[in-house]
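Inspection log for the structure reproduced underneath, given as structure tokens.
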Amino acid sequence: METRALGRTGLQVSVICLGTMTWGEQNTEQEGHAQMDMALDRDVNFFDTAELYAIPPKQETYGRTEEIIGSWFATRKNRNKVILASKVVGRSQNTWYREGGKKAELSREQIFEAVEGSLRRLQTDYIDLYQVHWPDRPLQLFQGHEYLHMEGPAIPIEETLSALGELVKQGKIRHVGVSNETAWGTMKYLQASKTQELPRIASIQNAYNLVNRVYEVDLSEIAYREDVGLLAYSPLAQGYLTGKYEDGAEPEGARRTLFGRMGRYESPQGIAAISAYVGLARKHGLDPTQMALQFVNTRPFVTSNIIGATSLEQLETNLDSVTITLSDELMEEIEQIQRTYTNPSP
């Protein structure tokens, strides 16, 4: 398994990162443990989670995924073999994240509370990479790629980063990152770290896949020039790029079947693009899942590709993506599809 530098931290993380958000909802504790066992055996040293998980977010499953990871650490006694990433929720109207029913925000008080909760559930005394799950400022997220300016209350980035810096000094977190962030926000974090001697962000965790390559527009330059690489999530477009939802199929146990919430991939352009990519993989004798994952794996601005699975068979297929080759001819055909259906599912 190839490893890559995590920003300027000195850490080397596997190009495949084990995503965990189904554990505690679609997967049991035992199944989560089995996935971690397999991933570690295949030299995956990087796991990603969040206080929010399991997904979809619900009060009754909040923190459950971290608890499953914590019980695995407790039984396997192998915390030192894993580079562990977690996240603190951004501003939210939901009131179950914090004691006393407070609405979530990225204030010093709430970040400290969140870290203590995660450490307790994870049964560890440190988190290697602690990420801001989404910005505190008003921002249109998950609804397209056009910027829509909005005013509203917001904790300053400098205050958030200062709180994270205190936790670094205490040894409770080692490095920091952002998620679902814009180029402006990423550069503001970098500016604050430089001018105020605060921790430097190591990574940005954003969605990236064959039907959503918006990251390439400007954030990719930050990866090159600032050593803040992409931790790519949703590399299979929530499973659509596997081909399992073709022709309106609703496989038993699949996320779309269980929860819906997938409209971003069901526009006419999105459906056409996904069908084209699935057909392209089959034309070249490749598994559509592995083609889509290896496309992400091979992008030079990607630090690690966060994969998820609900079965060991799916996990093995995902892990094996690193062994396939994408020919020059195939890559040109991918670009042709991108030109025809440009980022249809941002």
Restricting region 1-41 to residues that are small (Gly, Ala, Ser), more than 27 Å from PHE259 (Cα to Cα) and assigned to a strand (DSSP E or B), the one nearest to the chain's Cα centre (by Cα) turns out to be SER14
So which of SER321, SER275, SER345 ends up being among the hydroxyl-bearing types (Ser, Thr, Tyr), more than 21 Å from ARG42 (Cβ to Cβ), touching a residue at least 24 places away in the same chain (Cβ under 8 Å) and part of a helix (DSSP H, G or I)?
-> SER275
So which residues in region 292-312 are closer than 22 Å to GLY248 by Cβ and buried (at least 22 other Cβ atoms within 10 Å of the Cβ)?
-> ALA292
Looking for whichever is surrounded by fewer than 21 Cβ atoms within 10 Å (Cβ to Cβ) and either in contact (Cβ under 8 Å) with a residue 40 or more places away in the chain or in contact with a helix residue (DSSP H, G or I) (Cβ under 6 Å, 6 or more places away or on another chain) (or both) here; the options are LYS87, LYS172, LYS102. Which one fits?
-> LYS172
For LEU219, indicate whether it is under 26 Å from GLN294 (Cβ atoms) and modelled with pLDDT of 95 or more.
-> yes
Considering only residues that are exposed (fewer than 14 other Cβ atoms within 10 Å of the Cβ) and within 21 Å of the chain's Cα centre (by Cα), look in region 259-285 and name the one that is modelled with the lowest pLDDT.
-> ARG261
Could you please give the count of residues in region 88-124 that are among the aliphatic types (A, V, I, L, M) and assigned to a loop (DSSP other than H, G, I, E, B)?
-> 2
PRO138: passes all of (1) surrounded by 17 or more Cβ atoms within 10 Å (Cβ to Cβ); (2) in a loop (DSSP other than H, G, I, E, B) but (1)
Could you tell me which numbered condition SER92 fails, if it satisfies all but one of (1) surrounded by 21 or more Cβ atoms within 10 Å (Cβ to Cβ); (2) in contact with a strand residue (DSSP E or B) (Cβ under 6 Å, 6 or more places away or on another chain)?
-> (1)
Look through region 237-254, keep the residues that are assigned to a helix (DSSP H, G or I) and of a type outside the set (Asp, Glu), and return whichever of them is surrounded by the fewest Cβ atoms within 10 Å (Cβ to Cβ).
-> GLY248
Note on region 196-210: residues polar (S, T, N, Q) and either in contact (Cβ under 8 Å) with a residue 40 or more places away in the chain or over 14 Å from PHE301 (Cβ atoms) (or both) are GLN196, SER203, GLN205, ASN209
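Here is a yes/no grid of residues against (1) over 14 Å from the mean Cα position of the chain (by Cα); (2) in a loop (DSSP other than H, G, I, E, B); (3) closer than 17 Å to SER86 by Cα; (4) not acidic (Asp, Glu):
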site	(1), (2), (3), (4)
GLU159	yes, no, no, no
GLY165	yes, no, yes, yes
LEU190	yes, no, no, yes
TYR215	no, no, no, yes
LEU231	no, no, yes, yes
PRO235	no, yes, no, yes
Residue in region 82-99 that is over 24 Å from THR160 (Cα atoms) and either at pLDDT 95 or above or of a type in the set (Phe, Trp, Tyr) (or both) present | yes
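The values are calculated or read from the model by the stated rules, or taken from the named source; none is laboratory data. Since the model is a prediction, treat every value here as computed from it, not as a measurement. Don't worry about glycine lacking a Cβ; one is built from the backbone with ideal geometry, like all the others, and counts go over all protein chains shown.
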